[in-house]
Structures are given as structure tokens and as C-alpha cells.
Amino acid sequence: MDELIVEFLTETNESLEELDLDLVNLEQNPNDADLLGKIFRLVHTIKGTCGFLGLPRLEKVAHHGENVLGRFRDGDLEVTPEYVTLIFECIDRIKFIVNELEETGSEPEGDDSEIIAKLDAAYEGKSVDEAEIPAPSDQSATPASDDGDVPEQAVLAGTMTQEELDALEAAFASAPGPDGQVGIQQVNTDPAPEIKTEVKADKPTSTEADAPATKSVSAQSLRVSVDVLENLMTMVSELVLTRNQLMQIQRHTNTADSESDFGAPLQRLNHVVSDLQEGVMKTRMQPIGNAWAKLPRIIRDLAIELDKKIDLEMNGQDTELDRQVLDLIKDPLTHMVRNSGDHGIETPDIRKAAGKPETGTIKLNAYHEGGHINIEIADDGKGLSIDKIKEKAIMNGLATPQELEDMSTNQINQFIFKAGFSTAEKVTSVSGRGVGMDVVRTNIEKIGGSIELHSEEGKGSKFTIKIPLTLAIVSALIVAAGNERFAIPQLAVRELVMTTNDNGIEKIKGTPVFRLRDRLLPLVSLRSILDLPEATQDEMEELDSTNVISEDITTVEGDEKAETKVENKDNLKEEKRHEYIVVTQVGAYDFGIIVDRVYDTEEIVVKPVSTILRDIELFAGNTILGDGSVIMILDPNGIAKATGDATTDMSEAVDTTETVRTAAGEKTSLLLFSAGDSAPKAVPLSLVSRLENIDMSTVEQSGEQSVVQYRDQLMPLSPMNHKVVAEGEKPVLVFAHKGHSMGLIVDEIIDITEAHMKLQLDSSNPNLLGSAIINGKATDIVDVGHMLQSANKDWFKDHGDEPYLDRENSHSQEIKNGNSNSKKRILLVDDSPFFRNMLTPLLNVAGYDVTTLESPNEALRMCEKGEYFDVIISDIEMPDMDGFEFAQRVRDNSNWTETPMVALSSHATPQDIDRGMAVGFSKYVAKFDRDTLLSTLSQTLSEQKHKDA
Amino acid sequence: MSNQAYSQDRLEHGNQVIDQSKDFLTVVISGQLFGIPILQVQDVLRKQNVTRVPLAPPEVAGSLNLRGRIVTAINVRSKLGIPKAKKGESSDMSVVVELDTELYSLIIDRVGDVLTLKDENFEPTPVTLDPVWREFASGIYRLDDQLLVILDVPKFLHSVHA
């Protein structure tokens, strides 16, 4: 395209943007003389330039527009809203023509007579409706077009009859011609070059004449091609890196007493490069106001279209950010502001009814904060409707009602960021197409930013966008995993944590987690997610000996300090190997990345990955370190995505004292003690209520039972076994349940430890579950249930009339049966931790794979998830949902309809049993009756097997 | 010698046709000679320190640093389906090419000479050739004592994708 045209287009586009803003202001302040003058001048300039360049259509429209504006400026014509809308139309028409010009290189065909007529009407002070829109046939230009066309027609004469020609002519005459431009343009194109040269001579003078009228700012600016600046930027970045390397070398070679000759010049170089870096950054910085320029107009149009009153407040327009970033966020910002206007702000009557001012406000706020720029878009509209989002989420299959119940408001709000999500009831031309927020989030995350949402139903919503100030040079933490190094952008790192003996990585059903200040942090192993091989023995040893956090956390002068917090909780020289966890935040969620080693933080230049590797979401780029090696830069967003939903679900503040689910093979806390002999015995710590030292002389007899006065109650006491001598002061394990206590006298408390409860030998001693190897020693595991029961028959009773069978010595029998079932899966649902903890080892011994849950709701969720069990054992009395309802639900509509269910209860009246059977329990067993439970289970399972066979 | 005579011959016959030939860099992979148009070759490198890229496709050997630019190293053997080189068979040299503003280094066994080859010795790829090779070969030259397979570098690189 012609260079002149290109320049014209750039200038005109800029002017048009300014015009938009000014016109909106004009609407608010119709009689502002300065504003009027400015608008007039802008349109005048456009008109003038198009005339020079031979753009007659544009010129005509601008000319008529200028006329009307001239009258405004001179005060001859009053600025009414009707006229302002007309001017807007005029500007839009100009924009349209300019756009076409940009795309095709020439003015589009079309008719502007309507708008010109309206402008003329306005010029004469008439109402716009009174405009005389001329009928096409009245056009004075038509004869000219006829003349112009005749030569062409003459060419065709050879193939047409005269009548056909006449018909053609007539058709031409009556059709709406392009304003006779055909003829006129032909005239114009020839003299155009001459005019242009004249123009060149004229132009400088005219611009000079204009200069004092227009702001003098334009004279001080210079147009520079973007590529030139980009190049400059890259070179300066490399320079900065080289400077950093030099500084680091200098730091290492400098000792307290010696100073190399390089010292002074290097310092100077350092300062100069810092200044250069700042200067070049500035060239790329633009005020965010530029991105906001179009918004007032958009909001105005929106308000009119939707019949609402909306006020747009902008704060911090001068906040500067990188040009590249600005371009990328322009559209997302516009989209969000539109959303606020469309979905957020209510119509005036609704607002009034809600006690809000009729005019809704959308506030834009931008400010710098620690290496980022924060942009807030807040509205005082009706906020996000939780119910609608829930509905939509279910409809789109993104979550089940169960899952939604457990989510916090915040989590539910996050659904709007999923693709294809829109809770708008109808799609307006403005928004609601459901392609919005996910694209917004993707765009923002692409540049390393983040977006958060906070909404209160009825009060309003607020979006906060955080964007890093610069894209090119980034501070990064260098870590190692699997013998390879990687970089993690510093801004993504919230904390660095080292595991210790006391606080290490724990596992919940195979997923590693870490306790970070009372919250459970889900973890991801970098090794495994990158598919790197497991550490070899040599590697492990090397890591152990050299795992020191480098003191040299370097920061570059003038930059923000790294926000790393290193928690060194323990001495490094412990036996257990420490692991490092990098805590990052993605969206609203925290998670940790397990790495082998942590090195330095370094300033790196981010280079895009090769196209071949671009699909790997885990990498955000690669870079060259100071030592010349190439390393990949990790993208926490990508890592979060790769680990799937498991992470996002778990990371809301989980109270770690509750719901720790144990399954077979998991570690249990055990209390080790000795009783009667030196062989250690163990009991699950969770069952033990308290440890006391009781003077045996205070023990009294009540009937056959030894009791002691304990906390205003009589507590039955039993020695662990007959070998325990009840004399003097003895440690007592106190078990408590529903108001009952029981004390077990032992010889000595040895320790508390965590171990796997893998029972090796079964025991013929009814008081013991079996033996296991704990801390390297063969330890007897106590069957607490039995002990408690034999001590106090009423221990588990709540009502009377339970079937109570005498136990048979079929312990080993059961184990054999259990084992032959090849690890059947049992789901145990009971709200009492005591029972869960007691029954689990029991079932484990019998050879079952046990999963325990606290509430039927969780169980139902598991069901939805597709988890499968062979038998479900459920308590009846539970707070959230009782066993009967649970069974009903399971039987009604789930994957588990066929799964046998066994009810476990301390209620066991005949009516209860009947009811249980009715809702779907196959069997009904008393809670404390271990043997019946086990035999019932094996019976049920074999019945099932026969059914399936 | 014979070349000269040949072109003389043509000139004498008043032939307007100018002797067409192209220059190729020859490389050796597992004993087979391949040719890359010389104009596509940016650099020839000795064995380099290549950083492995986890999760990359198997033919991507990794990345390396070439005078400040990051180059993606491609293991040509692997992509062509040739089994791994035995000890000493390959010196892991590489040829650096540029495609769509990105740099790639093609790891091959050994680099040979630059040859100027006459168009008339060019043949289209025989259909009996291994399908994988055929995909990436743009043709074959008949040399005196062996055949030279011409590698279609853009096609080759485009087919490597995560």
C-alpha cells in the first residue's frame, strides 16, 4: 500500500480513538468549549488529509460532519443528545470507510447520502428526523455516471441490440449509483500526483500552522518501528545477562582484602547497564489508559442498548506497562467490562428495588505492586448467581451435585472460567456466547499473569488481574530433579520448604501431601511428572551429602528482591533424607512440587520453546544459564493441569485432625507398651483416650470388677493380663467411649510410633489380634474390642436385646477364609472414629482391603466416582444421614445397587432389623460382635460369588 | 575432464541448455550417504552437549546452545528408523539448519564432502525404498560408486512433533 496511505491510516485511527473518548465526555459536558474545539479540529484534520489523498467518499462524510461541529464550536447550534448520537454515527461511518481502506486498499462502494442528509439537517438546526433523504433517482450525479459509462457500453454494442442497450441505460439511471464517483474519480486520479506534490510543499506549512493550535506534545514524539525497538530490547537483555555473569564472577573472586583491576570499571558498567535497561524498558511502556480508551464509548452504547444506567470510573490510567502486554490484555479487559455491564449491573428499577442507586458503577483500578501490575474490575451489580452456576456446572457435566455441596462459594465461582460456560439466559449481541472467560484466563496466563474472582451475590463482583511487568527477563529459581536442572519463575514461587523428620511427606491413598501450618498441601513429584528415572543409589548418596541450600540467592541491583522464604526447620545432618518442596500458587490453589535439589535464583531470558515442543504444557520456555547450558522453564499452570483435578479438590483448607482415611497397608500410630513380659505390645493410638499413672492402692472392688475413682466416675480397671502385678503406681491406658471409660493396667509405656499394621501371625490369644513387626521387633497387637468387652459387657450396648453370641475359637478359621477371598474390598461407613479405628485392623487381619469413610455423603461421592467395593458395611446412627437412608440411596440409583450391604448397629430391635432388610441391607449385625461380623461377611461374599457365577 | 569435454560438446551443438548442477553437503548415517542442499546448511558441529528435554518425542535429542541461540537437536537415525549406532560408528556430528526462524541440529554419524552434482544424475526416489525413507527423500543421485539420498529437510522437520 502506498506509504502515504499507511501513514494516514495510522494517524486517523489514533484520532478516531481520541474522538470516541471526547464525544462521550461531550455528552456529559455538552457545552465545554475546549472539548468542542478539539473535536472540531480532529474531524477537520481528517477531512483535510482525505482530500489530499483522493478519498472523496471519506472526505464528503467528514466534510459534512465538520460543518455541524463547526456550528457547535461557534455556539450557533446547541449540542443535544440527538445530535451527539448523530455525530457518533458519522464517526462510525468514517471508521467503517477507513477500515475498508485498510483492508482492501481503496474506498468501499456505498452510499452515504442518508447520513449526509441527516448531518445537513442538523446543520440547519432541524431535527434529524426531518432530514430529506434523497431518492436515488434525484441524484444530480447520475447524468455524469451515464456519460462515464457510455464509452464502455459502446464497446459492448457489437453484441447487443439497441433496445437492450436502452434497457441497460435505463437500469443504470434508476439504480442507486455510487454518488457519481466513477466519473469524478477518473478525473481525480490524473491530477492527483500533481496535487500530491503540491501537497507535500503545502503540508509542512499547514502542519506548522496547526502546531500551535494542537498540543505541542505531538511535535516532541517520534515514530519508531516496533521491530527496531524489539531488537533493541533483546540486545539489552543479553547485555544485562552478561553483566550479571561478570558481576557474579567478580563477587566470587573478590575477597575481603584483594580487589582486582576489574573492580572499578565493572561497577561503572553495572550502573550504566542498569540505566540502559531502565531506559529501554521505558520505550516499551505505555500507560494502561490506552487500553481503556475505548471503554467509555462501549459502556455508553451498552447502557443505551440495555436501558441501564452505568457509570465508568477509571483510576490509575497512567500506570504503565509493557506494550506487548498491553496488546494482549486489551481484549480480555474489554470483554470483562462488557460482562459487568451486561450481566452484572441490573436495570434501574431492579436496583432501586434492591435499595441501590439507580446508576450502577463499574470501577477500573490499576496499580503497581511488587513487580506486577494489578488491574481490578469491580462492579456493584448483582454478583454471580451461585445457583445458576451450579445448575450450569451440572448440565455441562463438570461436577456432580455431591461435589458441589462440598465446594465453597469461591470454588463454585471458578466454574465460569471453564470453556463453553455461560449462565446468561439468552445470548445477547454483547455477551453470553460462552466463549469468554476461559479465553480471557488463557490469554492472561499465557503472559504469566493470573486472574482471580471475588463475588458476592447481590452486592457485586470483582476481578483482579495480576500481570508481570516485564516479559523478557525473569527471575527464576533453579532446581534439580532426576539429575537435570529446571527453572521455575520466581513470581510463581510462594515458598520453599524443606521436609524434616518431624514434618515429612505423608501419603493419603498414595497421593503425597505435606502439612504446611495446619493445612494439607497436595504435592507433585517433579521426577514423576516429567517421567524421569528414579534416583540411583549413587545419586541418592550424592544428594544426601551435598544437599545444602545455596546461600547465594542473588538478586540484581535495582530489581525487586526475591520473595522467597526458606524455612529451615531442622539440622541438615539427620539420618532421613530431606526433600525440597516448592510451593506454588495456580489460580486460587496452592500445591507443592517435590524437587531433589534447590540451587540459586538467577535472572534469565525467556526464550520460546521450539515449535516441535510447544505442545508440552509443562514448559513455559527455555533459557541459557550463565554457564552456557540450556534448561527448560517450568510452567506451574501446566504442572497443575497435568496432575488433574485431584490437586484442585484437595487444596482447600482441610482440617488435618479429622477425616484422615486409612486403608490397608497405611501407617497407623501405635502406642507401644509392655505388660507382664518384655515382649512389646501395641494398640492403635487413636483408640487410647488418655494415659494415666494410677496408684493401685486406690483401686476398689465393685462386685467382681476392680474399679477406681476417676474423674468423678467409677472406672473399671483390668490388668492387661494376669502377669501384670497391680501394685504401686502403674501406667493405665484409658479408653473412653460415649461416656464410658475403661482402664487397662500395663507395666510400662514404651513409645509411640508409626508403622504399617501388617499382621504376620494370628494369635490364639483372644485378647490379641496377632503379631506384627514394629520397629524391628515382634509386637503383639491388642484386640481392644475384645478386651473392652470382656471387661465390661455393656461397653458397646446402647439398647437391650442385641443378639449376643458366645465366641467360638474360630479365629484362625476366619483368617483362612479371609485369605481365600483374595483381598475383597470393603467399604466401612461409620461416623465414630473409635469404631472405624477398631474395626479396620480387625478386617485387615481377616484379609480384607478396607476403606473407611466418615459419612454416607462421602460414600455416595465415591460411588459417583466409580469406585467399586465388594461389600459395604454401614453404621445406622449417623448424624448426616442415617444408615437406612444411605442404603435406600445406594439401592435406588447407583453403581452399587448390586453390592451387598451389611448394617452394623447397636440398635437391633426386630423392627430395626425389618426396616434394615426393607431398605436393602442384606444383613444386620451387632456392632461389637466381631465374629458374627466376620462370618457374615464371608457368607455374604460367597453368596455374591454364587450369584455372579 | 570428461565434464569439460561434455560441456564442450553441448556448446558445439549450439545447445542453449546450460549445465545444471546443485551443491550438496554429504553426510553419512549408518553407512548410507545422504545429501542436504548446501544452501540450507548453516553450521556443521562436532559432538555437542545436548540437554535432554523430558517428555519430548523420542527423535528429539534435546536442546543445545549455539552462540546464544537455542537449537533443537534431532536424532536423524531415530526418526528414520535406523537402530542405535554401535560404539565408534557415530561421532555424533550435526548439521545445523534453519526452518521458519528456528534452528535445528540434525545429528548424524559423520560429515562428508561438499559435492556438486549434475541434475542429469538425479533420479526420483524408487518406490521400493523403505516408506519412512521415501517420505523424507526428495530423490537420489547416482554417484560413481554409491547412491546418495537427498534429504527433504523441511518435510523431515515438520514431521517431528510432540
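Applying the selection to segment A:319-368, what residues are free of Cβ contacts under 8 Å to residues at least 12 places away in the same chain and among the acidic types (D, E)? A:D327, A:D349 - these are the residues of segment A:319-368 that are free of Cβ contacts under 8 Å to residues at least 12 places away in the same chain and among the acidic types (D, E).
Conditions tested, residue by residue: (1) under 27 Å from A:T611 (Cα atoms); (2) in contact with a strand residue (DSSP E or B) (Cβ under 8 Å, 6 or more places away or on another chain).
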position: B:S30; (1), (2): no, no
position: B:Q42; (1), (2): yes, yes
position: B:V53; (1), (2): yes, yes
position: B:E59; (1), (2): yes, yes
position: B:L64; (1), (2): yes, yes
position: B:E98; (1), (2): yes, yes
position: B:P126; (1), (2): no, yes
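If you go through segment A:472-492 one residue at a time, do you hit one that is away from every other protein chain (no Cβ under 14 Å), closer than 17 Å to A:G638 by Cα and of a type outside the set (A, V, I, L, M, F, W, C)? Checking segment A:472-492: at least one residue is away from every other protein chain (no Cβ under 14 Å), closer than 17 Å to A:G638 by Cα and of a type outside the set (A, V, I, L, M, F, W, C).
Of all residues in segment A:275-295, those that are more than 29 Å from A:E238 (Cβ to Cβ) have Cβ atoms under 7 Å from Cβ atoms of residues that are at pLDDT 80 or above and not in a helix (DSSP H, G or I), 6 or more apart or on another chain, in A:G289/A:Q317; A:G289/A:D318; A:W292/A:M314; A:W292/A:Q317; A:W292/A:L364; A:L295/A:L312.
Within segment A:284-340, being surrounded by 18 or more Cβ atoms within 10 Å (Cβ to Cβ), modelled with pLDDT of 85 or more and in a strand (DSSP E or B) holds for A:I310, A:L312.
For segment B:78-95: of the residues being surrounded by 20 or more Cβ atoms within 10 Å (Cβ to Cβ) and either assigned to a loop (DSSP other than H, G, I, E, B) or touching a strand residue (DSSP E or B) at 6+ places or on another chain (Cβ under 6 Å) (or both), which is farthest from the other protein chains (Cβ to nearest Cβ)? Once the filter is applied, the top-ranked residue is B:V95. Tell me, yes or no, whether segment B:99-106 has at least one residue that is closer than 16 Å to B:I150 by Cβ, away from chain A (no Cβ under 14 Å) and crowded, with 21+ Cβ neighbours inside 10 Å. Within segment B:99-106 (the criterion being closer than 16 Å to B:I150 by Cβ, away from chain A (no Cβ under 14 Å) and crowded, with 21+ Cβ neighbours inside 10 Å), the answer is no, since none of the residues qualifies.
A single entry from B:Y104, B:Y141 fulfils the requirement of being more than 20 Å from B:N75 (Cβ to Cβ) and in contact with a helix residue (DSSP H, G or I) (Cβ under 8 Å, 6 or more places away or on another chain): B:Y141. Going by what's in this entry, would A:L398 be described as modelled with pLDDT of 85 or more and either farther than 25 Å from A:L532 by Cβ or not in a strand (DSSP E or B) (or both)? So A:L398 fails the test.
Going residue by residue through segment B:98-112, is there one that turns out to be touching a residue at least 24 places away in the same chain (Cβ under 8 Å) and either assigned to a helix (DSSP H, G or I) or farther than 25 Å from B:P58 by Cβ (or both)? There is at least one residue in segment B:98-112 that is touching a residue at least 24 places away in the same chain (Cβ under 8 Å) and either assigned to a helix (DSSP H, G or I) or farther than 25 Å from B:P58 by Cβ (or both). Checked against (1) at pLDDT 80 or above; (2) within 23 Å of A:L222 (Cα to Cα); (3) charged (D, E, K, R), A:R57 meets all criteria but (2). Taking the residues in segment A:1-50 that are aliphatic (A, V, I, L, M) and touching a Ser or Thr at 6+ places or on another chain (Cβ under 7 Å) as candidates, determine which candidate is surrounded by the fewest Cβ atoms within 10 Å (Cβ to Cβ). By that ranking, first place goes to A:L42.
Matching residues to (1) within 14 Å of another protein chain (Cβ to nearest Cβ); (2) at pLDDT below 85:
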residue	(1), (2)
B:D43	no, no
B:R46	no, no
B:T72	yes, no
B:N75	yes, no
B:T116	no, no
B:V160	yes, yes
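Is it the case that B:Q32 is more than 8 Å from chain A (Cβ to nearest Cβ), under 13 Å from B:L151 (Cβ atoms) and either of a type outside the set (K, R) or surrounded by 16 or more Cβ atoms within 10 Å (Cβ to Cβ) (or both)? Spelling it out, B:Q32 is indeed more than 8 Å from chain A (Cβ to nearest Cβ), under 13 Å from B:L151 (Cβ atoms) and either of a type outside the set (K, R) or surrounded by 16 or more Cβ atoms within 10 Å (Cβ to Cβ) (or both).
The residue pairs whose first member lies in segment B:77-88 and is farther than 21 Å from B:L129 by Cβ, whose second member is among the acidic types (D, E), and whose beta carbons are closer than 8 Å, counting only pairs six or more residues apart or on different chains, are B:A85/B:D109.
Of the residues making up segment A:628-642, just one is touching a residue at least 12 places away in the same chain (Cβ under 8 Å), facing chain B (nearest Cβ under 9 Å) and in a loop (DSSP other than H, G, I, E, B), namely A:S629. Do we find that B:P58 is farther than 27 Å from A:T234 by Cα, within 14 Å of chain A (Cβ to nearest Cβ) and not hydrophobic (A, V, I, L, M, F, W, C) in this structure? So B:P58 passes the test. When the residues of segment A:591-627 are narrowed to those that are of a type in the set (V, I, T) and farther than 23 Å from B:P57 by Cα, which ends up nearest to the other protein chains (Cβ to nearest Cβ)? If we take residues in segment A:591-627 being of a type in the set (V, I, T) and farther than 23 Å from B:P57 by Cα, then A:V605 is nearest to the other protein chains (Cβ to nearest Cβ).
The values are calculated or read from the model by the stated rules, or taken from the named source; none is laboratory data. If you're wondering where the values come from, they're calculated on a predicted model, not measured in any experiment. Glycine also receives a Cβ, built like all others from the backbone with ideal geometry; neighbour counts cover every protein chain displayed.
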